[in-house]
Amino acid sequence: MKNVSPVSPIALLKRYDRLKADRHNWDQLWEELAVFLMPSKIDFITKSTKGTKRAAEVYDSTGIHSLQILAACFMAPLQALQPSGSGFASGKMP
């Protein structure tokens, strides 16, 4: 095993703050995408009050359906590599 030099907690906190500031530039874009693609999950950056309409800006379900198809395309190779009947995708233990 490779020797790893210890990192001070202060250095880790500084790095965390720097990375959080860099991510802040993208937060608005992620929120805007979530409004159209995943309206039920839009509270990951800004919090809305309970009872607020989440899908108010969704004109049709094209974006939501396309995201589901994209997710299925990413999962297909993983499911093709698993042994048949292993229960990988269902969460069952063999």
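The values are calculated or read from the model by the stated rules, or taken from the named source; none is laboratory data. What you see is a predicted model; the values in this text were computed from it and never measured. All Cβ positions, even for glycine, are placed from backbone atoms using ideal geometry, and neighbour counts span all protein chains on display.
Taking ASP60 as the residue in question, decide whether it is in a helix (DSSP H, G or I), at pLDDT 75 or above and either out of contact with any Pro (no Cβ under 9 Å at 6 or more places or on another chain) or β-branched (Val, Ile, Thr) (or both). Against the criterion (in a helix (DSSP H, G or I), at pLDDT 75 or above and either out of contact with any Pro (no Cβ under 9 Å at 6 or more places or on another chain) or β-branched (Val, Ile, Thr) (or both)), ASP60 does not qualify.
What pairs come out if I take residues in segment 7-36 that are in a helix (DSSP H, G or I) and pair them with residues that are at pLDDT 85 or above whose C-beta lies under 6 Å away, six or more apart or interchain? Note: pairs meeting the criteria are PHE36/GLY63. Within segment 1-41, if we keep just the residues that are surrounded by 10 or more Cβ atoms within 10 Å (Cβ to Cβ) and either of a type in the set (Gly, Ala, Ser) or touching a Ser or Thr at 6+ places or on another chain (Cβ under 7 Å) (or both), the residue that is farthest from ILE69 (Cα to Cα) turns out to be ALA11.
Taken over segment 24-40, the criterion of being within 15 Å of THR52 (Cβ to Cβ) and over 12 Å from the mean Cα position of the chain (by Cα) is satisfied by VAL35, PRO39, SER40.
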